[in-house]
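**Q** Quick one: the structure is below, questions incoming.
The values are calculated or read from the model by the stated rules, or taken from the named source; none is laboratory data. Being a predicted model, the structure only gives us computed values, none of them experimental. So basically every Cβ, Gly included, is an ideal-geometry build from the backbone, and we count neighbours across all protein chains shown.
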Amino acid sequence: MRKGADMSKKKFREFVKSFRIRLFLLFLAVGILPTAALRAGMLQSYKKKAVSNRGVDVLGQAKVLSNQIILNNYLKDPSIETINSQIGQLSNIYDGRVMVIDDNFQIIKDTYGLDTSKTIVSEEVMRSFRGEEISKYDSENGYIEMTVPLADLESKETIGVLLVSVSTDSIVLNQVYLENSARIIEIASAMIVILIAAFLARRLAKPFRKMAGEIFEIQSGYKTQLDIHDYTETEAVCVQFNQLFARMKVIDESREEFVSNVSHELKTPLTSMKVLADSLNGQEDVPVELYREFMSDIGNEIDRETKIINDLLSLVKMDRSAADLNISSVNINELMELILKRLRPIANRQHIELVLESFRPVSAEVDEVKLTLAITNLVENAIKYNKPDGWVHVSLNADHQYFYIKVEDSGIGIPEDALEHIFERFYRVDKSHSREIGGTGLGLAIARNSILMHRGAVKVFSTEGEGTIFNVRIPLIYIAS
(Lines give C-alpha, C1' and ligand atoms only; values in the text may rest on other atoms or scores of the structure.)
Protein backbone atom coordinates (compact mmCIF):
# COMPACT_ATOMS: atom_id res chain seq x y z
CA MET A 1 0.00 0.00 0.00
CA ARG A 2 2.81 2.36 0.97
CA LYS A 3 4.76 1.45 -2.15
CA GLY A 4 1.75 2.25 -4.34
CA ALA A 5 1.35 5.66 -2.68
CA ASP A 6 5.04 6.42 -3.21
CA MET A 7 4.75 5.46 -6.87
CA SER A 8 1.72 7.73 -7.26
CA LYS A 9 3.60 10.63 -5.67
CA LYS A 10 6.57 10.01 -7.94
CA LYS A 11 4.37 9.97 -11.05
CA PHE A 12 2.64 13.15 -9.90
CA ARG A 13 5.99 14.91 -9.36
CA GLU A 14 7.16 13.79 -12.79
CA PHE A 15 3.89 15.01 -14.27
CA VAL A 16 4.24 18.45 -12.63
CA LYS A 17 7.91 18.72 -13.64
CA SER A 18 7.04 17.96 -17.27
CA PHE A 19 8.10 20.77 -19.62
CA ARG A 20 4.94 20.18 -21.64
CA ILE A 21 2.67 20.58 -18.58
CA ARG A 22 4.49 23.71 -17.49
CA LEU A 23 4.12 25.20 -20.95
CA PHE A 24 0.42 24.30 -20.88
CA LEU A 25 -0.05 25.99 -17.49
CA LEU A 26 1.91 29.02 -18.66
CA PHE A 27 -0.27 29.43 -21.74
CA LEU A 28 -3.38 29.01 -19.58
CA ALA A 29 -2.18 31.71 -17.21
CA VAL A 30 -1.29 34.05 -20.06
CA GLY A 31 -4.57 33.40 -21.84
CA ILE A 32 -7.07 33.30 -18.95
CA LEU A 33 -5.78 35.55 -16.17
CA PRO A 34 -5.65 38.74 -18.30
CA THR A 35 -9.19 38.01 -19.53
CA ALA A 36 -10.47 37.60 -15.98
CA ALA A 37 -8.65 40.75 -14.86
CA LEU A 38 -10.01 42.66 -17.86
CA ARG A 39 -13.56 41.49 -17.11
CA ALA A 40 -13.34 42.57 -13.47
CA GLY A 41 -11.73 45.88 -14.40
CA MET A 42 -14.30 46.66 -17.09
CA LEU A 43 -17.25 45.86 -14.82
CA GLN A 44 -15.83 47.97 -12.03
CA SER A 45 -15.12 50.77 -14.47
CA TYR A 46 -18.63 50.51 -15.89
CA LYS A 47 -20.23 50.77 -12.45
CA LYS A 48 -18.08 53.72 -11.44
CA LYS A 49 -18.76 55.53 -14.70
CA ALA A 50 -22.50 54.76 -14.64
CA VAL A 51 -22.86 56.01 -11.04
CA SER A 52 -20.88 59.15 -11.91
CA ASN A 53 -23.03 59.84 -14.98
CA ARG A 54 -26.24 59.20 -13.02
CA GLY A 55 -25.06 61.59 -10.32
CA VAL A 56 -24.19 64.31 -12.86
CA ASP A 57 -27.53 63.95 -14.63
CA VAL A 58 -29.55 64.03 -11.42
CA LEU A 59 -27.56 66.97 -10.05
CA GLY A 60 -28.22 68.91 -13.26
CA GLN A 61 -31.94 68.19 -13.04
CA ALA A 62 -31.93 69.07 -9.31
CA LYS A 63 -30.35 72.46 -10.02
CA VAL A 64 -32.95 73.22 -12.65
CA LEU A 65 -35.67 72.20 -10.22
CA SER A 66 -34.14 74.28 -7.41
CA ASN A 67 -34.24 77.37 -9.62
CA GLN A 68 -37.90 76.73 -10.37
CA ILE A 69 -38.63 76.31 -6.66
CA ILE A 70 -37.03 79.70 -5.86
CA LEU A 71 -38.62 81.50 -8.80
CA ASN A 72 -42.11 80.23 -7.94
CA ASN A 73 -41.66 80.80 -4.19
CA TYR A 74 -42.50 77.14 -3.63
CA LEU A 75 -41.14 77.22 -0.06
CA LYS A 76 -44.01 79.54 0.90
CA ASP A 77 -46.64 77.73 -1.16
CA PRO A 78 -45.94 73.96 -1.52
CA SER A 79 -49.23 73.49 -3.33
CA ILE A 80 -48.00 74.82 -6.68
CA GLU A 81 -48.93 72.05 -9.12
CA THR A 82 -46.29 72.82 -11.74
CA ILE A 83 -43.49 72.45 -9.22
CA ASN A 84 -45.04 69.36 -7.65
CA SER A 85 -45.37 67.90 -11.12
CA GLN A 86 -41.68 68.56 -11.84
CA ILE A 87 -40.70 67.07 -8.47
CA GLY A 88 -42.78 63.96 -9.18
CA GLN A 89 -41.37 63.68 -12.67
CA LEU A 90 -37.77 63.83 -11.34
CA SER A 91 -38.62 61.17 -8.75
CA ASN A 92 -40.20 58.87 -11.36
CA ILE A 93 -37.54 59.24 -14.04
CA TYR A 94 -34.68 58.30 -11.75
CA ASP A 95 -36.63 55.99 -9.44
CA GLY A 96 -35.75 58.19 -6.50
CA ARG A 97 -37.06 60.25 -3.63
CA VAL A 98 -37.21 64.05 -3.55
CA MET A 99 -37.61 66.15 -0.43
CA VAL A 100 -37.89 69.92 -0.12
CA ILE A 101 -36.75 71.38 3.21
CA ASP A 102 -37.48 74.94 4.35
CA ASP A 103 -35.35 77.22 6.53
CA ASN A 104 -36.85 75.65 9.66
CA PHE A 105 -35.42 72.24 8.67
CA GLN A 106 -38.98 71.08 8.07
CA ILE A 107 -39.80 68.78 5.18
CA ILE A 108 -42.51 70.53 3.18
CA LYS A 109 -42.50 68.01 0.33
CA ASP A 110 -41.66 64.28 0.29
CA THR A 111 -42.44 62.31 -2.86
CA TYR A 112 -42.72 59.18 -0.72
CA GLY A 113 -45.19 60.97 1.59
CA LEU A 114 -43.55 59.45 4.66
CA ASP A 115 -41.75 62.35 6.34
CA THR A 116 -43.80 65.40 5.29
CA SER A 117 -43.94 68.08 8.06
CA LYS A 118 -41.12 66.31 9.92
CA THR A 119 -37.89 67.99 10.89
CA ILE A 120 -34.65 66.72 9.38
CA VAL A 121 -31.21 67.55 10.74
CA SER A 122 -28.34 65.76 9.05
CA GLU A 123 -24.75 66.63 8.23
CA GLU A 124 -25.47 66.96 4.52
CA VAL A 125 -28.48 69.23 5.10
CA MET A 126 -26.53 71.41 7.53
CA ARG A 127 -23.67 71.78 5.05
CA SER A 128 -26.07 72.67 2.26
CA PHE A 129 -27.59 75.41 4.44
CA ARG A 130 -24.04 76.77 4.52
CA GLY A 131 -24.09 76.91 0.71
CA GLU A 132 -22.43 73.58 -0.24
CA GLU A 133 -23.64 71.16 -2.89
CA ILE A 134 -23.30 67.62 -1.55
CA SER A 135 -23.32 64.44 -3.61
CA LYS A 136 -22.37 61.02 -2.24
CA TYR A 137 -22.79 57.39 -3.28
CA ASP A 138 -23.84 54.77 -0.74
CA SER A 139 -22.64 51.52 -2.34
CA GLU A 140 -23.94 49.34 0.51
CA ASN A 141 -27.53 50.53 0.22
CA GLY A 142 -27.36 51.23 -3.50
CA TYR A 143 -28.38 54.88 -3.83
CA ILE A 144 -26.98 58.29 -4.69
CA GLU A 145 -27.87 61.13 -2.31
CA MET A 146 -27.36 64.81 -3.06
CA THR A 147 -28.40 68.08 -1.45
CA VAL A 148 -28.72 71.38 -3.32
CA PRO A 149 -29.02 74.68 -1.43
CA LEU A 150 -32.04 76.89 -2.27
CA ALA A 151 -30.71 80.46 -2.22
CA ASP A 152 -32.79 83.65 -2.21
CA LEU A 153 -32.38 85.51 -5.51
CA GLU A 154 -31.83 88.91 -3.88
CA SER A 155 -30.04 88.24 -0.59
CA LYS A 156 -28.30 85.07 -1.84
CA GLU A 157 -28.99 83.50 1.55
CA THR A 158 -29.90 79.84 1.76
CA ILE A 159 -33.57 79.57 2.58
CA GLY A 160 -34.03 75.85 1.97
CA VAL A 161 -32.51 72.60 0.71
CA LEU A 162 -33.50 70.22 -2.06
CA LEU A 163 -32.59 66.64 -1.07
CA VAL A 164 -32.63 64.00 -3.82
CA SER A 165 -32.02 60.26 -3.29
CA VAL A 166 -31.70 58.17 -6.45
CA SER A 167 -31.63 54.38 -6.58
CA THR A 168 -28.78 52.62 -8.47
CA ASP A 169 -30.66 49.31 -8.81
CA SER A 170 -30.84 49.70 -12.58
CA ILE A 171 -27.08 50.17 -12.75
CA VAL A 172 -26.56 47.06 -10.63
CA LEU A 173 -28.95 45.08 -12.87
CA ASN A 174 -27.07 46.22 -15.95
CA GLN A 175 -23.81 45.29 -14.27
CA VAL A 176 -25.10 41.80 -13.45
CA TYR A 177 -26.25 41.38 -17.06
CA LEU A 178 -22.87 42.52 -18.36
CA GLU A 179 -21.10 40.29 -15.86
CA ASN A 180 -23.08 37.22 -16.97
CA SER A 181 -22.42 38.03 -20.61
CA ALA A 182 -18.73 38.60 -19.89
CA ARG A 183 -18.52 35.32 -17.95
CA ILE A 184 -20.04 33.41 -20.88
CA ILE A 185 -17.49 35.00 -23.20
CA GLU A 186 -14.76 34.28 -20.67
CA ILE A 187 -15.71 30.60 -20.42
CA ALA A 188 -15.83 30.29 -24.20
CA SER A 189 -12.47 32.00 -24.58
CA ALA A 190 -11.03 29.85 -21.77
CA MET A 191 -12.05 26.70 -23.65
CA ILE A 192 -10.39 28.04 -26.79
CA VAL A 193 -7.28 28.97 -24.77
CA ILE A 194 -7.15 25.46 -23.26
CA LEU A 195 -7.28 23.88 -26.72
CA ILE A 196 -4.64 26.26 -28.09
CA ALA A 197 -2.46 25.82 -24.97
CA ALA A 198 -2.65 22.03 -25.24
CA PHE A 199 -1.77 22.18 -28.95
CA LEU A 200 1.11 24.63 -28.49
CA ALA A 201 2.50 22.83 -25.42
CA ARG A 202 2.50 19.54 -27.32
CA ARG A 203 3.98 21.14 -30.41
CA LEU A 204 6.69 23.10 -28.57
CA ALA A 205 7.68 20.13 -26.39
CA LYS A 206 7.87 17.77 -29.38
CA PRO A 207 11.56 18.49 -30.17
CA PHE A 208 12.54 17.54 -26.62
CA ARG A 209 10.63 14.24 -26.84
CA LYS A 210 12.29 13.70 -30.18
CA MET A 211 15.65 14.47 -28.61
CA ALA A 212 15.07 11.93 -25.83
CA GLY A 213 14.14 9.32 -28.47
CA GLU A 214 17.26 10.01 -30.52
CA ILE A 215 19.46 9.82 -27.42
CA PHE A 216 17.91 6.41 -26.67
CA GLU A 217 18.70 5.34 -30.24
CA ILE A 218 22.28 6.56 -29.78
CA GLN A 219 22.52 4.54 -26.57
CA SER A 220 21.15 1.51 -28.43
CA GLY A 221 23.69 1.97 -31.20
CA TYR A 222 21.22 2.79 -34.00
CA LYS A 223 22.46 6.37 -34.39
CA THR A 224 25.75 8.16 -33.91
CA GLN A 225 24.63 11.80 -33.80
CA LEU A 226 21.90 13.93 -32.27
CA ASP A 227 20.22 15.96 -35.00
CA ILE A 228 17.36 18.26 -33.85
CA HIS A 229 17.16 21.65 -35.58
CA ASP A 230 13.68 22.85 -34.54
CA TYR A 231 14.98 25.62 -32.27
CA THR A 232 18.24 27.50 -31.91
CA GLU A 233 18.50 26.11 -28.37
CA THR A 234 17.98 22.47 -29.42
CA GLU A 235 20.48 22.95 -32.23
CA ALA A 236 23.03 24.29 -29.72
CA VAL A 237 22.33 21.35 -27.38
CA CYS A 238 22.82 18.93 -30.30
CA VAL A 239 26.16 20.52 -31.21
CA GLN A 240 27.39 20.32 -27.60
CA PHE A 241 26.06 16.78 -27.18
CA ASN A 242 27.67 15.57 -30.39
CA GLN A 243 30.98 17.13 -29.38
CA LEU A 244 30.71 15.51 -25.95
CA PHE A 245 29.73 12.17 -27.48
CA ALA A 246 32.66 12.32 -29.92
CA ARG A 247 34.95 13.22 -27.03
CA MET A 248 33.67 10.31 -24.96
CA LYS A 249 34.13 7.95 -27.90
CA VAL A 250 37.74 9.08 -28.20
CA ILE A 251 38.25 8.64 -24.46
CA ASP A 252 36.55 5.25 -24.54
CA GLU A 253 38.66 4.13 -27.47
CA SER A 254 41.77 5.45 -25.73
CA ARG A 255 40.75 3.67 -22.54
CA GLU A 256 40.26 0.39 -24.37
CA GLU A 257 43.55 0.85 -26.14
CA PHE A 258 45.19 1.78 -22.86
CA VAL A 259 43.89 -1.36 -21.16
CA SER A 260 45.10 -3.39 -24.11
CA ASN A 261 48.50 -1.67 -24.09
CA VAL A 262 48.94 -1.93 -20.34
CA SER A 263 47.88 -5.58 -20.43
CA HIS A 264 50.43 -6.15 -23.16
CA GLU A 265 53.11 -4.14 -21.35
CA LEU A 266 52.48 -5.94 -18.06
CA LYS A 267 52.36 -9.33 -19.75
CA THR A 268 55.50 -8.90 -21.88
CA PRO A 269 58.01 -8.59 -18.98
CA LEU A 270 56.37 -11.53 -17.21
CA THR A 271 56.58 -13.62 -20.39
CA SER A 272 60.23 -12.68 -20.85
CA MET A 273 61.04 -13.51 -17.23
CA LYS A 274 59.27 -16.88 -17.52
CA VAL A 275 61.18 -17.73 -20.72
CA LEU A 276 64.51 -16.78 -19.11
CA ALA A 277 63.69 -18.68 -15.91
CA ASP A 278 62.57 -21.77 -17.86
CA SER A 279 65.76 -21.61 -19.89
CA LEU A 280 67.85 -21.61 -16.70
CA ASN A 281 65.80 -24.37 -15.12
CA GLY A 282 66.02 -26.50 -18.27
CA GLN A 283 69.81 -26.52 -18.34
CA GLU A 284 72.23 -28.32 -16.11
CA ASP A 285 75.53 -26.84 -15.00
CA VAL A 286 74.64 -23.40 -16.36
CA PRO A 287 77.80 -21.29 -16.81
CA VAL A 288 78.08 -18.44 -14.36
CA GLU A 289 78.35 -15.89 -17.17
CA LEU A 290 75.11 -17.09 -18.79
CA TYR A 291 73.42 -17.26 -15.40
CA ARG A 292 74.41 -13.66 -14.67
CA GLU A 293 73.30 -12.52 -18.11
CA PHE A 294 69.88 -14.13 -17.71
CA MET A 295 69.47 -12.76 -14.19
CA SER A 296 70.42 -9.30 -15.45
CA ASP A 297 67.75 -9.59 -18.15
CA ILE A 298 65.22 -10.72 -15.55
CA GLY A 299 66.14 -7.70 -13.41
CA ASN A 300 65.63 -5.37 -16.37
CA GLU A 301 62.20 -6.87 -17.00
CA ILE A 302 61.31 -6.41 -13.33
CA ASP A 303 62.37 -2.73 -13.57
CA ARG A 304 60.21 -2.36 -16.66
CA GLU A 305 57.23 -3.90 -14.86
CA THR A 306 57.85 -1.66 -11.86
CA LYS A 307 57.92 1.44 -14.08
CA ILE A 308 54.50 0.63 -15.56
CA ILE A 309 52.99 -0.07 -12.13
CA ASN A 310 54.50 3.11 -10.66
CA ASP A 311 53.00 5.19 -13.47
CA LEU A 312 49.58 3.70 -12.78
CA LEU A 313 49.90 4.34 -9.05
CA SER A 314 51.10 7.91 -9.66
CA LEU A 315 48.07 8.63 -11.81
CA VAL A 316 45.73 7.25 -9.14
CA LYS A 317 47.39 9.48 -6.52
CA MET A 318 47.05 12.52 -8.79
CA ASP A 319 43.27 11.97 -8.83
CA ARG A 320 43.09 12.68 -5.13
CA SER A 321 42.53 16.13 -3.69
CA ALA A 322 45.23 18.78 -3.32
CA ALA A 323 45.04 18.18 0.44
CA ASP A 324 47.40 15.24 -0.20
CA LEU A 325 50.19 17.65 -1.15
CA ASN A 326 53.14 17.77 1.21
CA ILE A 327 54.10 21.42 0.79
CA SER A 328 57.52 22.65 1.89
CA SER A 329 60.01 25.30 0.85
CA VAL A 330 62.26 23.81 -1.82
CA ASN A 331 65.38 25.09 -3.63
CA ILE A 332 64.16 24.69 -7.22
CA ASN A 333 67.68 25.13 -8.69
CA GLU A 334 69.02 22.17 -6.71
CA LEU A 335 65.91 20.13 -7.50
CA MET A 336 66.33 20.73 -11.25
CA GLU A 337 70.03 19.78 -11.11
CA LEU A 338 69.15 16.57 -9.28
CA ILE A 339 66.44 15.66 -11.83
CA LEU A 340 68.77 16.20 -14.79
CA LYS A 341 71.56 14.30 -13.05
CA ARG A 342 69.27 11.26 -12.80
CA LEU A 343 68.20 11.55 -16.44
CA ARG A 344 71.63 12.26 -17.93
CA PRO A 345 72.56 8.55 -18.30
CA ILE A 346 69.39 8.01 -20.39
CA ALA A 347 70.31 11.02 -22.53
CA ASN A 348 73.90 9.80 -22.96
CA ARG A 349 72.74 6.39 -24.15
CA GLN A 350 70.76 8.09 -26.92
CA HIS A 351 73.52 10.66 -27.59
CA ILE A 352 71.26 13.52 -26.50
CA GLU A 353 72.81 16.72 -25.20
CA LEU A 354 71.04 17.63 -21.91
CA VAL A 355 71.59 21.21 -20.72
CA LEU A 356 70.20 23.11 -17.70
CA GLU A 357 70.21 26.91 -17.61
CA SER A 358 69.26 28.76 -14.40
CA PHE A 359 68.82 32.52 -14.63
CA ARG A 360 68.48 33.21 -10.89
CA PRO A 361 68.16 31.40 -7.53
CA VAL A 362 64.60 30.18 -6.99
CA SER A 363 62.93 28.89 -3.83
CA ALA A 364 59.22 27.96 -3.82
CA GLU A 365 56.55 26.22 -1.73
CA VAL A 366 55.92 22.92 -3.55
CA ASP A 367 55.45 19.21 -3.04
CA GLU A 368 58.95 18.07 -3.94
CA VAL A 369 57.94 14.50 -4.83
CA LYS A 370 55.05 15.44 -7.13
CA LEU A 371 56.91 18.32 -8.80
CA THR A 372 59.91 16.03 -9.38
CA LEU A 373 57.58 13.51 -11.00
CA ALA A 374 56.12 16.18 -13.31
CA ILE A 375 59.45 17.65 -14.45
CA THR A 376 61.00 14.18 -14.81
CA ASN A 377 58.21 13.10 -17.13
CA LEU A 378 58.56 16.23 -19.28
CA VAL A 379 62.34 15.95 -19.61
CA GLU A 380 62.28 12.16 -20.06
CA ASN A 381 59.70 12.53 -22.87
CA ALA A 382 61.93 15.14 -24.52
CA ILE A 383 64.80 12.67 -24.42
CA LYS A 384 62.84 9.62 -25.56
CA TYR A 385 61.08 11.29 -28.49
CA ASN A 386 64.19 13.00 -29.81
CA LYS A 387 66.38 12.52 -32.86
CA PRO A 388 69.79 10.89 -32.74
CA ASP A 389 72.46 13.39 -31.63
CA GLY A 390 69.72 15.83 -30.67
CA TRP A 391 69.49 18.15 -27.69
CA VAL A 392 67.22 19.00 -24.74
CA HIS A 393 67.48 22.45 -23.13
CA VAL A 394 65.90 23.02 -19.74
CA SER A 395 65.72 26.55 -18.31
CA LEU A 396 64.61 27.96 -14.94
CA ASN A 397 63.53 31.55 -14.34
CA ALA A 398 61.29 33.47 -11.91
CA ASP A 399 59.64 36.79 -11.16
CA HIS A 400 58.07 38.12 -7.97
CA GLN A 401 55.04 35.76 -8.24
CA TYR A 402 55.87 32.66 -10.32
CA PHE A 403 58.78 30.48 -11.35
CA TYR A 404 59.01 29.25 -14.94
CA ILE A 405 60.44 26.04 -16.36
CA LYS A 406 60.95 25.57 -20.09
CA VAL A 407 61.71 22.15 -21.59
CA GLU A 408 62.76 22.48 -25.23
CA ASP A 409 63.93 19.69 -27.53
CA SER A 410 65.01 19.04 -31.10
CA GLY A 411 62.80 15.96 -31.34
CA ILE A 412 60.23 14.56 -33.73
CA GLY A 413 57.56 17.07 -32.70
CA ILE A 414 53.83 16.62 -32.22
CA PRO A 415 51.19 16.81 -34.99
CA GLU A 416 48.97 19.89 -34.69
CA ASP A 417 45.76 17.84 -34.42
CA ALA A 418 47.21 15.93 -31.46
CA LEU A 419 48.31 18.94 -29.37
CA GLU A 420 44.95 19.33 -27.63
CA HIS A 421 44.91 15.65 -26.60
CA ILE A 422 48.47 14.98 -25.39
CA PHE A 423 47.62 15.67 -21.73
CA GLU A 424 44.75 13.19 -21.75
CA ARG A 425 45.40 10.01 -19.90
CA PHE A 426 45.71 6.93 -22.12
CA TYR A 427 46.52 9.11 -25.16
CA ARG A 428 49.63 8.47 -27.25
CA VAL A 429 50.49 10.34 -30.45
CA ASP A 430 52.48 7.69 -32.31
CA LYS A 431 51.24 4.46 -30.81
CA SER A 432 53.65 2.14 -32.59
CA HIS A 433 56.65 4.34 -31.77
CA SER A 434 55.47 4.76 -28.17
CA ARG A 435 55.24 1.01 -27.77
CA GLU A 436 58.80 0.59 -29.06
CA ILE A 437 60.03 3.23 -26.61
CA GLY A 438 58.01 1.71 -23.79
CA GLY A 439 55.61 4.55 -22.98
CA THR A 440 52.22 3.96 -21.42
CA GLY A 441 50.55 7.25 -22.38
CA LEU A 442 50.43 8.36 -18.74
CA GLY A 443 53.51 10.56 -18.39
CA LEU A 444 52.07 13.87 -19.61
CA ALA A 445 48.77 13.28 -17.79
CA ILE A 446 50.73 12.78 -14.58
CA ALA A 447 52.83 15.88 -15.24
CA ARG A 448 49.82 18.09 -15.95
CA ASN A 449 47.88 16.88 -12.89
CA SER A 450 50.84 17.54 -10.66
CA ILE A 451 51.31 21.07 -12.03
CA LEU A 452 47.59 21.85 -11.67
CA MET A 453 47.65 20.64 -8.05
CA HIS A 454 50.27 23.33 -7.45
CA ARG A 455 47.87 25.94 -8.95
CA GLY A 456 50.17 26.13 -11.95
CA ALA A 457 49.76 25.89 -15.72
CA VAL A 458 51.50 24.10 -18.59
CA LYS A 459 51.44 24.96 -22.28
CA VAL A 460 52.90 23.18 -25.28
CA PHE A 461 54.18 24.48 -28.61
CA SER A 462 55.38 22.07 -31.28
CA THR A 463 56.30 21.82 -34.95
CA GLU A 464 56.23 18.33 -36.38
CA GLY A 465 59.74 17.23 -37.36
CA GLU A 466 61.44 20.21 -35.65
CA GLY A 467 60.83 19.89 -31.90
CA THR A 468 58.61 20.70 -28.94
CA ILE A 469 58.56 23.29 -26.14
CA PHE A 470 56.79 22.81 -22.79
CA ASN A 471 56.32 25.97 -20.70
CA VAL A 472 55.49 25.47 -17.02
CA ARG A 473 54.40 28.23 -14.64
CA ILE A 474 53.98 27.59 -10.89
CA PRO A 475 53.36 30.08 -8.03
CA LEU A 476 56.28 30.68 -5.70
CA ILE A 477 53.88 30.63 -2.73
CA TYR A 478 51.31 27.83 -2.60
CA ILE A 479 47.76 29.02 -1.87
CA ALA A 480 45.40 26.31 -0.65
CA SER A 481 41.83 26.47 -1.94
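**Q** Restricting to segment 108-124, name every residue that is under 16 Å from Gly96 (Cβ atoms) and out of contact with any helix residue (DSSP H, G or I) (no Cβ under 9 Å at 6 or more places or on another chain).
**A** Our first condition is that a residue be under 16 Å from Gly96 (Cβ atoms); within segment 108-124, this holds for 109-115, 124.
Result: Asp110, Gly113, Leu114, Asp115, Glu124.
**Q** How many residues, within segment 186-214, are aliphatic (A, V, I, L, M) and surrounded by fewer than 13 Cβ atoms within 10 Å (Cβ to Cβ)?
**A** Within segment 186-214, the first condition is being aliphatic (A, V, I, L, M), and the residues that meet it are 187-188, 190-198, 200-201, 204-205, 211-212.
Remaining after also requiring surrounded by fewer than 13 Cβ atoms within 10 Å (Cβ to Cβ): 187-188, 191-192, 195, 212.
Number satisfying all stated conditions: 6.
**Q** Does segment 381-399 include one or more residues that are hydroxyl-bearing (Ser, Thr, Tyr) and within 13 Å of Ile469 (Cα to Cα)? Steps first, please.
**A** Looking only at segment 381-399, we keep the residues that are hydroxyl-bearing (Ser, Thr, Tyr), and these are 385, 395.
If we keep only those that are within 13 Å of Ile469 (Cα to Cα) as well, we get 385, 395.
Yes, segment 381-399 contains a residue that is hydroxyl-bearing (Ser, Thr, Tyr) and within 13 Å of Ile469 (Cα to Cα).
**Q** Still on this structure, I have one more. Looking at (1) assigned to a helix (DSSP H, G or I); (2) modelled with pLDDT of 80 or more; (3) not aromatic (Phe, Trp, Tyr), which one does Leu290 not meet, given that it meets all the others?
**A** Every condition holds for Leu290 apart from (2).
**Q** Here is a follow-up. Looking at (1) in contact with a Cys (Cβ under 7 Å, 6 or more places away or on another chain); (2) closer than 30 Å to Ile32 by Cα, which one does Asp227 not meet, given that it meets all the others?
**A** (2)
**Q** Output the residues belonging to segment 19-74 that are loosely packed, with under 13 Cβ neighbours inside 10 Å and in contact with a helix residue (DSSP H, G or I) (Cβ under 7 Å, 6 or more places away or on another chain).
**A** Of everything in segment 19-74, just one residue is loosely packed, with under 13 Cβ neighbours inside 10 Å and in contact with a helix residue (DSSP H, G or I) (Cβ under 7 Å, 6 or more places away or on another chain), namely Phe19.
**Q** Look through segment 75-124, keep the residues that are in a strand (DSSP E or B) and of a type in the set (S, T, N, Q), and return whichever of them is surrounded by the most Cβ atoms within 10 Å (Cβ to Cβ). Please lay out each step first, then the result.
**A** Narrowing segment 75-124 to residues in a strand (DSSP E or B): 96-102, 106-110, 119.
Then keep just the ones that are of a type in the set (S, T, N, Q); that gives 106, 119.
Values: Gln106: 15, Thr119: 10.
Ranking the candidates gives Gln106 first.
**Q** Okay, moving on. Of these, Glu214, Glu186, Glu233, which one is under 30 Å from Glu140 (Cα atoms) and either among the acidic types (Asp, Glu) or not in a helix (DSSP H, G or I) (or both)? Walk me through how you get there before you give the answer.
**A** Details: Glu214 fails: under 30 Å from Glu140 (Cα atoms); Glu233 fails: under 30 Å from Glu140 (Cα atoms).
Only one candidate qualifies: Glu186.
**Q** With Lys206, Lys249, Lys267 as the choices, which residue is under 30 Å from Ile21 (Cβ atoms) and either modelled with pLDDT of 75 or more or not aliphatic (A, V, I, L, M) (or both)? Quick ask: steps written out before the conclusion?
**A** Working: Lys249 fails: under 30 Å from Ile21 (Cβ atoms); Lys267 fails: under 30 Å from Ile21 (Cβ atoms).
Matching residue, one of Lys206, Lys249, Lys267: Lys206.
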